[in-house]
Amino acid sequence: MTKRVGIFVSGGGSNMRALVEDMTGDHAARATVVLSNNADAGGIAWARDQGIATEVVDHRPFKGDRPAFEAAIDAALAPYNLDIICLAGFMRVLTAGFVAPWQGRMLNIHPSLLPKYKGLHTHARVLEAGDSVHGCSVHLVTAALDDGPILGQATVPVLDDDTPDTLAARVLVQEHRLYPAVLRRFAAGDSRMVTL
Ligand code: GAR
């Protein structure tokens, strides 16, 4: 049976686009709904234009009450009977209470070679550290931030004249290759690591 995928975005949603565009033909999954905490997220407008269902759950009225925010997300998602959630630039931390029922079925993409550089500002931190290789990871989401079994990684070289922005752009190109490759394999029931 075709797997039903929900994709969470907070911003431009370029990774979400890459996932949606790959979920055609013999892919075992289809994009069912795109959810954002931000009504102005570019990704939401794009998904709507594609005819994909969208849901917006603004975190701000919850004033830091994460369980209440997550209960609202749960309610918004309930009608879609999702099999898999893909976090794709979703910039809210999810609590253990939300993650637990999805463990093993929720993926995230992170712009570093995990377990290095969890959290924010990964590109600047790589440059500060003087690393010669950087990249991105797709992993299963657990309650710990940017943790959980790694399903795929892609590398890029760090160049002498890189800035955080040039490095981010180079990593993003790889993100757009890696996330669809991992989801394609994962949706087909294969959790072997993808390396690009
Ligand atoms: C991507 O680089 C993604 O890896 C990163 O945000 C960007 C979203 O871009 N995610 C995180 O930093 C999560 N901690 P996009 O909206 O164009 O896909």
Original post:
Out of residues 5 or more away from V57 or on other chains, whose amide H comes under 5 Å of its own, with H placed 1.01 Å from N in the peptide plane?
Top reply: S36, N37, N38
**OP:** Express the Stokes-Einstein translational diffusion coefficient of the stretch 38-84 in µm² s⁻¹, to the nearest whole number, given a Kirkwood radius over alpha-carbon pairs, 20 °C and a viscosity of 1.002 mPa s.
**Re:** 181
Subject >> Net +/- balance of residues flanking V5 in space, Cβ distance below 12 Å, scoring K and R +1, D and E -1 >> reply: +3
**OP:** Please work out the Cα center distance from the stretch 140-158 to the stretch 173-196, rounded to the nearest Å.
**Re:** 12
**OP:** Quick one: compute a quarter of the convex hull surface over the Cα atoms of the stretch 1-66 and quote it in nm².
**Re:** 4.9
Subject >> Pairwise centroid distance, computed over Cα atoms, of the stretch 9-73 with the stretch 74-115, Å >> reply: 11
**OP:** Using the Kyte-Doolittle scale, find the helices of the chain whose mean hydropathy is at least -0.5 and whose Cα atoms extend 30 Å or more along the helix's long axis, counting only whole DSSP H runs.
**Re:** 164-187
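Compute for the chain: radius of gyration divided by Kirkwood radius, i.e. Rg/Rh, restricted to C-alpha atoms, rounded to two decimals.
On the Cα set of the chain, Rg over Rh gives 0.95.
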Original post:
Of all DSSP beta bridges in the stretch 48-196, what percent run antiparallel (nearest 5)?
Top reply: 70
Original post:
How high is the relative contact order of the stretch 1-126, in percent, with contacts defined as C-alpha pairs under 8 Å that are six or more residues apart?
Top reply: 27
Subject >> Quarter of the Cα convex hull surface for the stretch 1-115, i.e. its orientation-mean projected area (nm²) >> reply: 7.7
**OP:** With all distinct Cα pairs included, what does the Kirkwood hydrodynamic radius of the stretch 77-134 come out to in Å, to one decimal, could you say?
**Re:** 13.6
**OP:** Scan around L82 for amide H atoms under 5 Å from its own, H built in the peptide plane at 1.01 Å from N, and keep only partners 5 or more places away or cross-chain.
**Re:** none
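Counting pairs of alpha carbon atoms under 8 Å apart in space and at least six apart in sequence, what relative contact order in percent does the stretch 126-171 give?
Relative contact order, the stretch 126-171: 39 percent.
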**OP:** Based on other C-beta atoms within 10 Å, arrange L167, L127 from fewest to most.
**Re:** L127, L167
Original post:
When the label point is put 7 Å from the Cα of D74 along its Cα-to-beta-carbon vector, which residues of the stretch 108-144 have a backbone N closer than 17 Å?
Top reply: 143
Original post:
By how many nm would the segment from R177 to D165 lengthen if fully extended, with 0.36 nm per residue of separation less the alpha-carbon distance?
Top reply: 2.4 nm
Original post:
Whole-Hz Karplus ³J(HN,Hα) for the stretch 105-116, in order, using 6.51 cos²θ - 1.76 cosθ + 1.60 and θ = phi - 60°, x for Gly and Pro?
Top reply: 10, 10, 10, 9, 10, 10, x, 6, 8, 4, x, 6
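Read the figures in this text as sums done on the coordinates, not as results from a lab. Bear in mind the structure is a predicted one, so any value in this text is a computation, not a measurement. Methodologically, a virtual Cβ is constructed for each residue, glycine included, from the backbone with ideal geometry; neighbour enumeration extends over all protein chains shown.
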